[in-house]
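The values are calculated or read from the model by the stated rules, or taken from the named source; none is laboratory data. Predicted model, so just to flag it, every value in this text is computed and none were measured. No Cβ is skipped: glycine too gets one built from the backbone with ideal geometry, and neighbour counts run over all protein chains shown.
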Amino acid sequence: MFGKKPGVSSTIESLIGSATRIEGDVHFVGGLRIDGHVKGNVLADPSQPSMLVISEQARVDGEIQVSHLVVNGTINGPVCADELLELQPKARVTGNVSYKALEMHHGAIITGTLAHVDDESRPGLKLASSLG
């Protein structure tokens, strides 16, 4: 509790184990660690700080939207990290990536576009809704 930065969730409340396979969207609040396989979107509550950890053996086939994302596994789909995206050495991302801050280790691979997002221009539905 002491020394915690405001607006950053560092507690992992939920775990998807290595022997678990989920088909369908996963909605969460706070922190989530994935060690297994998710075939569907992984979406954090946008009104609260969130953290998602994708371990080395994990795989996500779908869209990811979260505040803070740490990846050392495989993602096939678009990624949006509203605050920080950490790509560790075994990270493999196939899809377009938007981020506010990026930390990328040697060995991490992204196949797709990288787009920086600032506070004034958020990606996704927010921009599309302002058109009509």
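Can you tell me which condition Leu43 does not meet? The list is (1) in contact with a Ser or Thr (Cβ under 8 Å, 6 or more places away or on another chain); (2) outside any loop (DSSP other than H, G, I, E, B), and all the others hold.
Condition (1) is where Leu43 drops out.
Got a number for residues in region 59-72 being of a type in the set (Gly, Ala, Ser) and surrounded by fewer than 21 Cβ atoms within 10 Å (Cβ to Cβ)?
1
Against the definition (of a type in the set (A, V, I, L, M, F, W, C), closer than 22 Å to His106 by Cα and modelled with pLDDT of 95 or more), how does Leu32 come out, yes or no?
So Leu32 fails the test.
Please determine, by comparing only the residues of region 89-104 that are of a type in the set (Ser, Thr, Tyr) and within 12 Å of the chain's Cα centre (by Cα), which one is nearest to Val70 (Cα to Cα).
Result: Tyr99.
Could you tell me whether any residue of region 42-49 is in contact (Cβ under 8 Å) with a residue 40 or more places away in the chain and surrounded by 19 or more Cβ atoms within 10 Å (Cβ to Cβ)?
Yes: one or more hits.
When you go through (1) more than 17 Å from Thr20 (Cβ to Cβ); (2) under 12 Å from the mean Cα position of the chain (by Cα); (3) not acidic (Asp, Glu) one by one for Val53, which number turns out not to apply?
Against the list (1) more than 17 Å from Thr20 (Cβ to Cβ); (2) under 12 Å from the mean Cα position of the chain (by Cα); (3) not acidic (Asp, Glu), Val53 comes up short only on (1).
Among the residues of region 70-106, count how many are under 19 Å from Ser18 (Cβ atoms) and either in a strand (DSSP E or B) or among the acidic types (Asp, Glu) (or both).
Number of matching residues: 6.
Would you call Ala19 at pLDDT 95 or above, among the small types (Gly, Ala, Ser) and not in a strand (DSSP E or B)?
In short, yes.
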